[in-house]
Amino acid sequence: MSYTHLTIIQRNMIEILRKEKYSTRKIATLLGVHHSTIARELNRLVGLYSATLAQEHATKRNLKKGRPCKLQDKFSHIIQERLKQTWSPEQIVGREFPKQLSVKTIYNCFHKGLLPIDKSILRRKGKLLKSKETRGKFTIGRSI
């Protein structure tokens, strides 16, 4: 069975209906969700329910989910130094951490913002390489 997260609009409705003294079951039927979803949502915040505060908590929880990055502080420091010396992530993994890290790990941590560096430090400045040679290649049709 699939599920969906509560949106900010639904949280605003919960806040309004809760102030009008609606029960959790009545709110759930109006929003089309299970009553335990509403009860859990109301119990997460202590005191009066605030939709904006609940949304902030939800986004913080969503950022924490998932597998943690393998980069440790000692790796992170070395990687930042090598990137500033214009090494590529492939060179860093090959020379410094041949069996400990992968190139994909460095790029994933870079895209998540765990490596505090700018794209301009990377060798190709975040730009993709384009193929320069187009002769001898069919661009239209099916391959046989």
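Return the distance in nm (one decimal) between the two label points of a simple spin-label model at Tyr3 and Leu53, each offset 7 Å from Cα along Cα→Cβ.
Taking the simple label geometry, Tyr3 and Leu53 are separated by 2.4 nm.
Given +1 on the Cβ of Lys and Arg, -1 on the Cβ of Asp and Glu, and no further charges, what dipole in debye does region 8-64 carry about its Cα centre, rounded to the nearest 20?
It works out to roughly 140 debye.
Using DSSP to define loop residues, name the chymotrypsin sites (Phe, Trp or Tyr not before Pro) in region 45-144 whose beta-carbon has at most 14 other beta-carbon atoms within 10 Å.
Of the chymotrypsin sites (Phe, Trp or Tyr not before Pro), the ones in loops of region 45-144 whose Cβ has at most 14 other Cβ atoms within 10 Å are Phe138.
Cα extents of the chain along the three principal axes, largest first, in whole Å?
That works out to 69, 51, 27 Å along the principal axes.
Among all the aspartates and glutamates, which ones have a C-alpha under 12 Å from Lys104's C-alpha, if same-chain residues fewer than 8 places away are not counted?
Glu90
Pick out, from Ile79, Gly141, Ala51, the residue whose Cα sits farthest towards the positive end of the charge dipole of the chain, with +1 on the Cβ of Lys and Arg and -1 on the Cβ of Asp and Glu.
Value computed over the given set: Gly141.
In percent, what relative contact order does the chain have, based on Cα pairs under 8 Å that are 6 or more apart in sequence?
17
Taking only C-alpha pairs under 8 Å that are 6+ residues apart, what is the relative contact order of region 73-121 in percent?
37 percent.
Determine, from the Cβ-Cβ distance of Thr86 and Ser131 and an R0 of 22 Å, the FRET efficiency 1/(1 + (r/R0)^6), rounded to the nearest 0.05.
Plugging the Cβ-Cβ distance into 1/(1 + (r/R0)^6) gives 0.40.
Once you have all Cα-Cα distances for region 73-121, histogram them in 10 Å bins from zero and send the whole-percent values.
Reading the bins upward from 0: 27, 66, 7.
What is the sum of charges around Arg18, taking Lys and Arg as +1, Asp and Glu as -1, for the other residues whose C-beta is under 12 Å from the C-beta of Arg18?
Once positives and negatives cancel, what remains is +1.
Okay, helix-only estimate at 222 nm for the chain: each DSSP H run of n ≥ 4 adds -39500 (n - 2.57), divide by all residues, round to 500 deg cm²/dmol; what do you get?
Using -39500 (n - 2.57) per qualifying helix, the result is -15000 deg cm²/dmol.
Given the options Thr37, Ile92, Pro68, identify the residue whose Cα lies farthest towards the positive end of the charge dipole of the chain (+1 on Cβ of Lys, Arg; -1 on Cβ of Asp, Glu).
After comparing all options, I get Ile92.
For all pairs of alpha-carbon atoms in region 8-64, what percent lies in each bin of width 10 Å, listed from the first bin to the last filled one?
With 10 Å bins starting at 0, P(r) equals 24, 59, 16, 1.
Could you check which residue among Gly113, Gly94, Gly47 shows the biggest mean-square fluctuation in a GNM of the chain with a 10 Å Cα cutoff?
Greatest mean-square fluctuation among the candidates belongs to Gly47.
Compute the distance in nm between two label points, each set 7 Å from the Cα along the Cα-to-Cβ direction, one at Arg25 and one at Asp118.
6.0
What FRET efficiency comes out for the pair His77/Gln100, r = Cβ-Cβ distance, R0 = 22 Å, nearest 0.05?
Step by step, r from the Cβ atoms, then E = 0.95.
For region 28-105, what size does the Cα cloud have along each of its three principal axes, sorted from largest down, in whole Å?
The Cα atoms of region 28-105 stretch 59, 21, 17 Å along the principal axes, largest first.
Where a number appears in this text, it was derived from the coordinates with a stated rule and is not lab data. This structure is a prediction, so every number in the text was calculated from the model and none was measured. Every residue, glycine among them, receives a Cβ derived from its backbone with ideal geometry; neighbour counts consider all protein chains shown.
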